[in-house]
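Q: I have a structure I would like to understand better, so I am pasting it below and will then ask my questions one at a time.
The values are calculated or read from the model by the stated rules, or taken from the named source; none is laboratory data. Every value quoted in this text rests on a predicted model; they were computed, and no experiment measured them. Heads up, the Cβs are rebuilt from the backbone with ideal geometry, glycines too, and the neighbour counts pull from every protein chain shown.
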Amino acid sequence: MLWLYLHFPHLLLDHILRSSEHTAALVIVEDSRQKVIQACPAARDLGVNTGMRLKTAVSLAPNLGIIRADEQQEARILEDQARWLHHYAAHIVLVPPNGLLAEIGSLQRLYGGLPAVWQTVEEALHKRHLTAWPGIGHTPQAARLLARTGKGECTSDKGNILHTLGLMPLVAAEFDRRTYTRLQRLGLNTLGEVFSLPPAEMARRFSPETLAYIQKIQGSRSDPQEFWQPPGYFRQQADFVQEIEHSQGLLFPLQRMLSELENDLCWRQQDTDSLLLVLRYRHTEPTLLRIRTSGPEHRADAFLNLISLRFEQQPLQAPVVSLQLSVKRFLGREAAGGQDLLGESQDLSEAWHTLMSRLQARLGENALKQLAPRPDHRPEYAWSASRVQLKNSAAQIKAWQLPGRPLWLLHGPQPLTEAPQAWFTGPERISGGWWDGQRVHRDYYIAQLNNGQLAWVFRDVRDGWFVHGWFG
Amino acid sequence: MSEILNTLMQDARVWQGYKHNKTTQPAEPTGYQALDNQLGGLGWPRGALSECLLDASGIGELNLLIPLMQRLSQAGKTVFWLNPPHTPYAPALAQAEINLNQVIMIQTEDTGDFLWTLENCLRSRVTGLVMAWPGRLAAREIRRLQLAAETGSNVCVLFRERHYAEQNSPAALRLELEPDDQQGLKVNIIKRRGSWPGQRCSLAMAHRAGLFYPEAPRVVQGPWPTSAR
């Protein structure tokens with residue numbers, strides 16, 4: 001087995017930098033002791049270093065952006081990284097707070113050799129603007145140590161790996177404080193010298209745990225790992241150093257998140273029809289925005305169009321501190337329809353969905369209606385309006401048994417104010433509705449009014465005359 | 001002659017007095033032979049606005065479009081009803097053999113939304129016909145719609161009040177609709193591309209209520225218990 005360890009020296013910093021358009025100097029400070037633990041290149045140029053006190057850092061760079069480290073957030077970001085790495089490698093182990101371990105021995109044949117695997121991962125890292133130190137080792141611990149010291153090389157040779165490890169100073173080998181002091185007092189300086197101690201002596205003089213650790217590095221003791229399973233949903237979050245006041249400013253990070261979503265959907269071979277955006281503010285309750293498309297969709301620009309339409313309709317309540325995009329509903333991707341020789345119908349149905357989604361995003365979902373007749377004798381119940389849906393089935397055109405009906409139905413019957421000029425067919429008696437309390441008992445006529453309108457009029461039980469429709 | 005001038009002539013955008021030009025602009029037959037003849041044998045122009053100006057609904061104005069709606073909806077093109085003044089009655093549409101799956105009714109709240117929606121519908125390839133009831137519109141807004149219509153190639157009919165007939169409009173075709181005798185519809189062409197306006201014709205529309213003139217009215221005179229009126 002061969003392991004690849006990715007050590008992210010400043011993951012939180014990378015995460016924040018890539019969702020902001022302009023790069024100001026930025027540092028991450030420890031939660032309690034006000035010490036700088038990560039500094040971005042711009043901050044380092046100004047003289048800010050890790051381990052520096054915050055006060056010193058601020059005096060060096062007055063416009064410093066300061067972010068407090070947050071364990072939960074870091075865990076979440078690490079999991080984000082595992083999600084994309086899972087596209088390349090199947091067996092991944094999360095090593096909190098800032099490491100990922102992947103089994104790559106089985107990938108060599110797929111990618112065509114270890115250098116190809118190495119290059120693929122480096123490209124993926126570069127594409128996401130992430131800084132990571134990779135390390136390859138024959139055991140998880142060896143890979144981890146090599147990566148964390150930045151000595152990782154693209155080699156699968158065990159002897160070579162052990163040699164590099166052997167030259168490593170003891171400080172870097174991450175023994176606990178007590179063991180480290182004792183080893184140092186014995187006059188040992190490198191890890192190689194520790195490796196050459198007889199195991200029985202090691203266990204007796206130090207603790208069995210120390211021996212186990214050494215053996216796990218060397219590979220003479222098994223080191224079982226629990227592999228990470230990707231979750232069944234997609235989630236991405238962008239955190240902003242400077243609060244974003246205009247919705248236009250949210251589009252830049254959204255673009256990146258949506259293209260990640262597109263990649264994820266392509267990889268799943270699935271589509272989605274609803275996205276959930278959560279906008280968090282500093283003081284008020286977060287806003288939930290549900291973006292729906294009228295059909296399965298995976299393209300980032302289509303989603304971005306819909307979201308920007310929604311933002312135009314709904315201005316931000318307050319400056320946004322973080323933005324979360326999640327997708328929980330996945331739909332099977334439609335196979336390209338083979339009904340049409342030129343593939344036009346597929347194209348058209350895509351255009352149809354795009355148009356409907358756009359209209360719904362701006363006007364609201366209830367503004368668009370599809371009409372259908374309903375089997376009821378009462379005219380106001382003989383039709384229904386439903387949400388828009390693409391129905392490819394051929395129209396059900398059947399011989400309609402009813403007498404002539406007008407093309408316009410009034411929203412409610414209007415009193416007839418004048419005596420009609422001419423009467424045509426009638427009466428057609430419609431009586432029903434005793435079963436649901438909406439009783440109707442009417443005689444319908446077709447009549448022409450003085451201004452030429454052809455009306456559908458009725459007389460009800462109480463002898464009132466009403467217009468119910470126009471023959472448009 | 002330069003190329004631009006040639007195009008202008010062929011699209012009949014330049015009015016050439018007495019000369020009757022056969023235009024090459026795309027169009028959809030109206031389904032009424034008499035009206036098609038008056039429109040130079042073409043029909044509803046595609047990729048341009050048409051206006052129907054009328055006083056009150058119920059004079060057969062929708063029936064003018066029923067043949068087109070029928071043809072387009074069965075060909076899989078979408079028919080939009082934008083801000084209709086009353087409910088388009090689904091049983092009647094089904095009776096007229098219109099594929100209701102392709103009929104979409106949209107209600108917008110303000111003029112901004114209305115124009116935006118109409119433009120989007122006009123630009124899409126899925127649209128066959130847009131029927132819109134705009135209410136009040138400024139000439140500038142109609143111009144904007146005309147430009148949007150030119151980017152697509154579908155029929156767009158605006159239904160407006162008849163007093164707008166006196167104002168000019170950038171629409172390519174303007175029809176004034178009036179009720180005629182025998183439940184017919186009198187169509188007066190106020191404007192059309194490439195020729196003189198002013199043609200009139202009368203279309204029989206009595207079939208819209210299942211009436212066939214000169215059949216006598218079929219009202220059953222009853223010995224009613226109490227007199228109706």
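Q: Applying the selection to region A:162-210, what residues are within 47 Å of the chain's Cα centre (by Cα) and charged (D, E, K, R)?
A: Of everything in region A:162-210, those that are within 47 Å of the chain's Cα centre (by Cα) and charged (D, E, K, R) turn out to be A:GLU174, A:ASP176, A:ARG177, A:ARG178, A:GLU209.
Q: Turning to a different aspect of this structure: Restricting to region A:361-381, and then to whatever is in contact with a strand residue (DSSP E or B) (Cβ under 6 Å, 6 or more places away or on another chain) and more than 9 Å from chain B (Cβ to nearest Cβ), can you tell me which residue is surrounded by the most Cβ atoms within 10 Å (Cβ to Cβ)?
A: This residue is A:ARG378.
Q: Let me ask something else about it. Please count how many residues of region A:239-261 are modelled with pLDDT of 85 or more, among the aliphatic types (A, V, I, L, M) and surrounded by 19 or more Cβ atoms within 10 Å (Cβ to Cβ).
A: 5
Q: Now for a different question. Among the residues that make up region A:263-273, is at least one of them charged (D, E, K, R) and not in a strand (DSSP E or B)? Before the answer, list the steps.
A: Of region A:263-273, the ones charged (D, E, K, R) are A:264, A:268, A:271, A:273.
Right, trim to not in a strand (DSSP E or B) and you get A:264, A:268.
Scanning region A:263-273 turns up at least one residue that is charged (D, E, K, R) and not in a strand (DSSP E or B).
Q: I would also like to ask the following. Applying the selection to region A:445-470, what residues are of a type outside the set (Lys, Arg), more than 9 Å from every other protein chain (Cβ to nearest Cβ), surrounded by fewer than 21 Cβ atoms within 10 Å (Cβ to Cβ) and more than 19 Å from B:LYS186 (Cβ to Cβ)?
A: A:ASP460, A:VAL461, A:GLY464, A:PHE466
Q: So which of A:GLU297, A:GLU312, A:GLU285 ends up being of a type in the set (Asp, Glu), loosely packed, with under 15 Cβ neighbours inside 10 Å and touching a residue at least 24 places away in the same chain (Cβ under 8 Å)? Can you show your working first?
A: On the way: A:GLU297 fails: loosely packed, with under 15 Cβ neighbours inside 10 Å; A:GLU285 fails: touching a residue at least 24 places away in the same chain (Cβ under 8 Å).
Criteria check complete, one pass: A:GLU312.
Q: Can you name every residue in region A:193-224 that is closer than 16 Å to A:THR139 by Cα, assigned to a helix (DSSP H, G or I) and not hydroxyl-bearing (Ser, Thr, Tyr)?
A: A:PHE195, A:LEU211, A:ALA212, A:ILE214, A:GLN215, A:LYS216, A:ILE217, A:GLN218
Q: Only one of A:GLY51, A:GLY137, A:GLY47, A:GLY99 is in contact with a strand residue (DSSP E or B) (Cβ under 9 Å, 6 or more places away or on another chain) and on the phi > 0 side of the Ramachandran plot; which? Steps first, please.
A: Values: A:GLY137 fails: on the phi > 0 side of the Ramachandran plot; A:GLY47 fails: in contact with a strand residue (DSSP E or B) (Cβ under 9 Å, 6 or more places away or on another chain); A:GLY99 fails: on the phi > 0 side of the Ramachandran plot.
Being in contact with a strand residue (DSSP E or B) (Cβ under 9 Å, 6 or more places away or on another chain) and on the phi > 0 side of the Ramachandran plot holds for just one of A:GLY51, A:GLY137, A:GLY47, A:GLY99, which is A:GLY51.
Q: Moving on. Just one of the numbered conditions (1) assigned by TED's automatic domain parsing to the domain that holds A:CYS154; (2) over 21 Å from A:ALA102 (Cα atoms) is not true of A:VAL29; which one?
A: With respect to (1) assigned by TED's automatic domain parsing to the domain that holds A:CYS154; (2) over 21 Å from A:ALA102 (Cα atoms), A:VAL29 is out only on (1).
Q: Give me a count of the residues in region B:63-115 that are closer than 24 Å to A:GLN414 by Cα and aliphatic (A, V, I, L, M).
A: The total comes to 6.
Q: I would also like to ask the following. Going through region A:57-81 one residue at a time, which ones are buried (at least 20 other Cβ atoms within 10 Å of the Cβ) and within 26 Å of A:ALA142 (Cβ to Cβ)?
A: Listed by number, the residues that qualify are A:ILE77, A:LEU78, A:GLN81.
Q: Can you list the strands (runs of 3 or more DSSP E) found entirely within region B:43-153 that contain at least 3 residues being within 11 Å of chain A (Cβ to nearest Cβ)?
A: B:78-82, B:103-106
Q: Is it the case, given these coordinates, that A:LEU183 is assigned to a helix (DSSP H, G or I) and surrounded by 14 or more Cβ atoms within 10 Å (Cβ to Cβ)?
A: Yes.
Q: Here is a list: A:ALA200, A:ALA173, A:ALA142, A:ALA147. Which entry is of a type outside the set (Phe, Trp, Tyr) and surrounded by fewer than 16 Cβ atoms within 10 Å (Cβ to Cβ)? Give the steps one after another, and end with the answer.
A: Numbers: A:ALA173 fails: surrounded by fewer than 16 Cβ atoms within 10 Å (Cβ to Cβ); A:ALA142 fails: surrounded by fewer than 16 Cβ atoms within 10 Å (Cβ to Cβ); A:ALA147 fails: surrounded by fewer than 16 Cβ atoms within 10 Å (Cβ to Cβ).
Result: A:ALA200 is the single residue among A:ALA200, A:ALA173, A:ALA142, A:ALA147 that is of a type outside the set (Phe, Trp, Tyr) and surrounded by fewer than 16 Cβ atoms within 10 Å (Cβ to Cβ).
Q: Would you point out which residue out of A:ILE77, A:ILE37, A:ILE67 is part of a helix (DSSP H, G or I), touching a residue at least 12 places away in the same chain (Cβ under 8 Å), outside the structural domain of A:LEU258 (by TED's automatic domain parsing) and of a type in the set (Val, Ile, Thr)?
A: Values: A:ILE37 fails: part of a helix (DSSP H, G or I); A:ILE67 fails: part of a helix (DSSP H, G or I).
One residue alone meets the criteria, A:ILE77.
Q: While we're on this one: Out of region A:408-441, which residues are of a type in the set (Val, Ile, Thr), part of a loop (DSSP other than H, G, I, E, B) and more than 12 Å from chain B (Cβ to nearest Cβ)?
A: Step one: filter region A:408-441 for residues of a type in the set (Val, Ile, Thr), giving A:417, A:425, A:430, A:440.
From what is left, the residues that are part of a loop (DSSP other than H, G, I, E, B) are A:417, A:425.
Passing the criteria: only A:THR417.
Q: When you scan region B:177-189, how many residues do you find that are touching a residue at least 40 places away in the same chain (Cβ under 8 Å) and surrounded by fewer than 20 Cβ atoms within 10 Å (Cβ to Cβ)?
A: In the first step, residues of region B:177-189 are kept if they are touching a residue at least 40 places away in the same chain (Cβ under 8 Å); the result is B:177-179, B:183-185, B:187, B:189.
Now drop any that are not surrounded by fewer than 20 Cβ atoms within 10 Å (Cβ to Cβ), which leaves B:178, B:184, B:189.
Of the residues in region B:177-189, 3 are touching a residue at least 40 places away in the same chain (Cβ under 8 Å) and surrounded by fewer than 20 Cβ atoms within 10 Å (Cβ to Cβ).
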